[in-house]
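Working notes for the structure below.
The values are calculated or read from the model by the stated rules, or taken from the named source; none is laboratory data. Predicted, not measured: the structure shown is a model, and the values here were computed from it. So basically every Cβ, Gly included, is an ideal-geometry build from the backbone, and we count neighbours across all protein chains shown. Protein only, heavy atoms only, side chains kept; ligands, DNA and RNA dropped before computing areas. Shrake-Rupley method; radii C 1.70, N 1.55, O 1.52, S 1.80 Å.
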Amino acid sequence: IGMIKEEAMIVKCGLPCCTCGLKKPSVLVKGSSAFLCMRAAASFPFSDEVSSPVCACCAIRCVPGPPGFMKPPQEGKAPAQETMAEEVKEAEKKTEEVKEEVKEEAVTSVAA
């Protein structure tokens, strides 16, 4: 009964019949939506649903990796989330390879 001290709460009051409190926020913004073949998700700070910055619209990728068109869906349906994640990983890998090549070229040109 009365004020209850709890680390995850800003204020917490208790009565014999109920307890009410104000929890400290852990995520400032979090949301997701889907309509037909379009999906959207947002999270700040990043969470399980959105683990890194991603920006794409109408199958045109801006971030991560080199900007450009994503692979078209197979069999006339939207690709699975796992397939999209694999494409993003492939793009990130290609980006890292290009960065390494540029670094090697820069070192070679400076050494010469």
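Each of ALA56, LEU36, LEU15 was scored by the projection of its Cα onto the charge dipole of the chain, and the greatest displacement toward the positive side belongs to LEU15; charges sit on the C-beta of Lys, Arg, Asp and Glu.
Per atom type, region 2-112 shows carbon and sulfur on 63% of its accessible surface, probed at 1.4 Å. Only one item in (1) 1.19; (2) 1.53; (3) 1.75 matches Cα Rg over 2.2 N^0.38 Å derived from the coordinates shown, and that item is (3). Computed 3J(HN,Hα) for region 20-36, one whole-Hz value per residue from the Karplus formula 6.51 cos²θ - 1.76 cosθ + 1.60 where θ = phi - 60°, is 9, x, 10, 7, 5, x, 9, 10, 6, 9, 7, x, 8, 8, 8, 8, 6, glycine and proline marked x. Amide H contacts of MET9 (H built 1.01 Å from N, in plane; Pro and chain starts excluded): LYS24 sit under 5 Å, all sequence-distant by 5 or more or on other chains.
Counting only DSSP H runs of at least 4 residues, each contributing -39500 (n - 2.57), and dividing by the residue count of the chain, the helix-based mean residue ellipticity at 222 nm comes to -10000 deg cm²/dmol.
Couplings 3J(HN,Hα) for region 2-12, derived from phi with the Karplus relation 6.51 cos²θ - 1.76 cosθ + 1.60 (θ = phi - 60°), are x, 6, 10, 8, 9, 5, 7, 10, 7, 9, 9 Hz, where x marks Gly and Pro. Return one number: the angle in degrees, 0 to 90 and rounded to the nearest 10, between the long axis of the Cα atoms of helix 81-111 and the longest principal axis of the Cα atoms of the chain. So the helix axis and the longest Cα principal axis differ by about 50 degrees. Per residue, the solvent-accessible area of region 1-77 (1.4 Å probe, heavy atoms of protein chains only, all protein chains present) comes to 85 Å².
Within the assembled protein chains, the solvent-accessible surface assigned to GLU100 is about 90 Å², based on a 1.4 Å probe.
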